[in-house]
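This report refers to the structure that appears directly beneath it.
The values are calculated or read from the model by the stated rules, or taken from the named source; none is laboratory data. Because the structure is predicted, anything quoted here is derived from the model rather than measured. No Cβ is skipped: glycine too gets one built from the backbone with ideal geometry, and neighbour counts run over all protein chains shown.
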Amino acid sequence: MDSKITHIKIAVCSDLHFIDEAKAGTTKPSWLTLKPCGGFSSSLWDDLLRLIEKEQISADLLLCPGDITTYADKTGLVKAWNCLTELGQKLEAQVVACATGNHDVCSREVKYKTSLEALNNPTDYFENLKQLSPPYPVFYPRNKKIPHSERVHYFGADYLFIDEFEHFRLVVFNSCARHTSNSDDYQRGRAAESAINWLKEELKNCSSDPKINIFLCHHHPILHTQNQGNDFDFMAKGDQLLAALNEHGAWLIIHGHKHEGRIVYAQSNRGTRCPIVFSAGTLSAHIKLGKGFRNQFYILDVELHQRPFSLKGKINVWNWTEMNSFKKADSRLDGLFSDTGFGEKDTYKVAQEITEIIKEEYFCNWESIKTKVPRVCNITPQDLDELCDYLSDLGVAMEYDENEKITMLSLKSEAYDE
C-alpha cells in the first residue's frame, strides 16, 4: 500500500430525479426539472458546481445510488447521466458509478391507448439505460473506456464487480433487476439468489490486500422505517446479501431511495464485525422535507487500514436550499451533519478522554475538542447523543446554539469539588 495515501474520498449524490418539464406537469417532483430552453427550474446544479470550485472539493469516487430520473423519463435520464459524468470530471474522480433506481427503469404499469402506441416504448425495462452514452453504469473520467463486458455483466448478473484499483474495490448492484410491471412491485428491490452466489464466488477469489470495500445499490438492504410508516420498499434477501459480503472483510454499504440521510451499523454474522450502512438523502427531490430530511451532498472521508475488518471515516455534508444555496450542515436538526462519521463505537472511552481535557481546562469549545480528540468525528449522529449522555454523567455540561449545535463544554458546578 502506498504509504502516502492515508484515506480515500467518496462523493455521494443520490435521488437526483431529473425530469422534463412536460412530463413533470404540476407535481414538481424535483428541483432539477428541465425547462424547454435547456436550463433547470432552480439553480441547484449550478450551485453544486460552484461549491466544488469554491471549496476545491475533489474525490476518488463519485457514487450515485440511483433514481437519477423520475417516472423513467428518457430526457431526464440522458441529461442526468451526462451531468453525473461531467461532475465526476470536475471532482477529478477515478470512477463514476450509478446504481439503478426504480425511477430509472420502465417497470411502472403503463396503459396504452393502442397496441401501436406500445410499440414506440421499449419492451425491455432497461433499454434506455443500455443506450446511454458514455456507457452506463460506470464511467472512468481518466480516459479508461468501460469494456463492453462490464455492461453485459451488470445487466446480466445484476451487479458489476470492480477490483482493479489499489485502495478500494466496488460492487455496483442492480436491486431493480427483478422488477416486473406489477403495480405493487416497481418500488421494491430484490437480491436474486443467483447474484448472491456469483458474488460470493468472486469475493473468494479476491486478493487479500487491504482495501476499502464499497457496495453501491438503490434499495435499503436493512429495515428503514420513517415517520412511523411501513417499510414495504426494502430489498428482499438484503440480509442474505449483507451476510455474504460480511464473510469477506468490512463493507461500506451506500444506498438511496428513502430520501433520508442516516448511518447505522447492520446486524452481523461475524461477531463484532458489521457492515456500515449509509443512507444518502436526496440531492434534489422537491418534496416537503420534515425533520431529518434535507437536500444534501456528501463527501465521505474513509481511512485506509492494514486490517481488512475495520472501517473508519467521517463525513462532510452540505445542505441546499433555494434561498441559501449550499451550506455546510452542522446541526443535529439536519439528520446527517458534518464532522460525524462511523467506526468509533466506544463512546464511553471517548467521553472519558474529553472529560479529562475539560477537567484540566475547565471549559473548551467543541471545535477544539474535535482537534484534540479526533475520534469524536468517527461517531455516528445517533451515537453522538449517547456520547453527550456519558459526558453529562461524568460531570461535563454542554451548551448548544438555537440549531442544537454543540458549542461549548465545561465542568458542572458540582464537579469542581471532586
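Does D46 satisfy the criteria of being surrounded by fewer than 24 Cβ atoms within 10 Å (Cβ to Cβ) and under 23 Å from K314 (Cβ atoms)? No; evaluated as a whole, the condition is false for this residue. Might you check whether a residue that is assigned to a helix (DSSP H, G or I) and buried (at least 22 other Cβ atoms within 10 Å of the Cβ) occurs anywhere in segment 165-180? Looking for residues that are assigned to a helix (DSSP H, G or I) and buried (at least 22 other Cβ atoms within 10 Å of the Cβ), one finds none in segment 165-180, hence no. Looking at Q382, is it of a type in the set (S, T, N, Q), within 30 Å of S310 (Cβ to Cβ) and more than 31 Å from the chain's Cα centre (by Cα)? Against the criterion (of a type in the set (S, T, N, Q), within 30 Å of S310 (Cβ to Cβ) and more than 31 Å from the chain's Cα centre (by Cα)), Q382 does not qualify. A single entry from D385, D389 fulfils the requirement of being surrounded by fewer than 18 Cβ atoms within 10 Å (Cβ to Cβ), at pLDDT 95 or above and in a helix (DSSP H, G or I): D389. In segment 353-380, the residue that is surrounded by the most Cβ atoms within 10 Å (Cβ to Cβ) out of those that are farther than 20 Å from G395 by Cβ and hydroxyl-bearing (S, T, Y) is T380. Looking across segment 232-248 at every residue that is surrounded by fewer than 20 Cβ atoms within 10 Å (Cβ to Cβ) and among the hydrophobic types (A, V, I, L, M, F, W, C), the one that is farthest from L199 (Cα to Cα) is identified as F232. Selection of first residues in segment 241-268 that are at positive phi and of second residues that are aromatic (F, W, Y) and buried (at least 19 other Cβ atoms within 10 Å of the Cβ), restricted to Cβ pairs under 7 Å at least 6 apart or on distinct chains, gives the following pairs, ordered by first then second residue: H259/F293. Exactly one residue among S149, S194 is more than 20 Å from the chain's Cα centre (by Cα), at pLDDT below 90 and in the same structural domain as L311 (by TED's automatic domain parsing), and that residue is S149.
Of the numbered criteria (1) buried (at least 20 other Cβ atoms within 10 Å of the Cβ); (2) closer than 23 Å to S279 by Cβ, the one I57 fails is (1).
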